[in-house]
Amino acid sequence: MSLTALTAKFAALGAQRLQRLGNLVVRLEQGEDRTAAGREAQRELHTLKGEARILGFRRTEQIAHAAEEILHRALAADPFPEEAARALLFGLDRLSELVAGIAR
């Protein structure tokens with residue numbers, strides 16, 4: 001598979017991951033299914049970070065890593081901190097902008 005094809009696939013899957021992550025953060029903030037939603041969010045962020053690293057999208061990798069750290073700390077708190085949800089949603093917005101730029 002060519003780099004162009006891999007990049008296009010990353011952008012498409014990344015956009016889907018980020019949409020799921022946004023929904024998961026809202027669920028976490030609302031206290032819904034914390035364990036399952038937390039694990040899924042961690043998995044999605046970790047995968048996005050790894051794919052960005054492989055393809056050389058350093059800024060995307062860095063922001064995904066920072067979001068992972070925020071999520072990890074927030075999941076240790078009870079209830080899920082509002083400020084963590086805001087920070088995560090802000091980070092996801094920035095990641096969405098980066099992924100959209102990659103798609104273009």
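The values are calculated or read from the model by the stated rules, or taken from the named source; none is laboratory data. Computed from a prediction, not measured in an experiment: that's the story for all the values here. Note that each Cβ is placed from the backbone with ideal geometry, even for glycine, and that neighbours are counted across all protein chains shown. Side chains are part of the model used for accessible areas, which takes the heavy atoms of the whole protein and leaves out ligands, DNA and RNA. Shrake-Rupley method; radii C 1.70, N 1.55, O 1.52, S 1.80 Å.
Take every pair of alpha-carbon atoms less than 8 Å apart whose residues are at least six positions apart; their mean separation over the length of the chain yields a relative contact order of 36 percent. Were the residues from Arg20 through Glu69 laid out at 0.36 nm apart, the gain over their Cα-Cα distance would be 15.8 nm. Placing +1 on the Cβ of every Lys and Arg and -1 on the Cβ of every Asp and Glu, with nothing else charged, gives the chain a dipole about its Cα centre of roughly 460 debye.
Between the residues His72, Leu24, Ala11, the greatest Cα displacement towards the positive end of the dipole of segment 9-104, with unit charges on the Cβ of Lys, Arg, Asp and Glu, is found for Ala11. Here's the picture: a label point sits 7 Å out from the Cα of Ser2 along the beta-carbon direction, and within segment 37-63 nothing has its amide nitrogen under 14 Å of it.
The residues of the chain expose on average 59 square angstrom of accessible surface per residue, using a 1.4 Å probe on protein heavy atoms. Surface composition of the chain: carbon and sulfur atoms hold 53% of the protein heavy-atom accessible area at a 1.4 Å probe.
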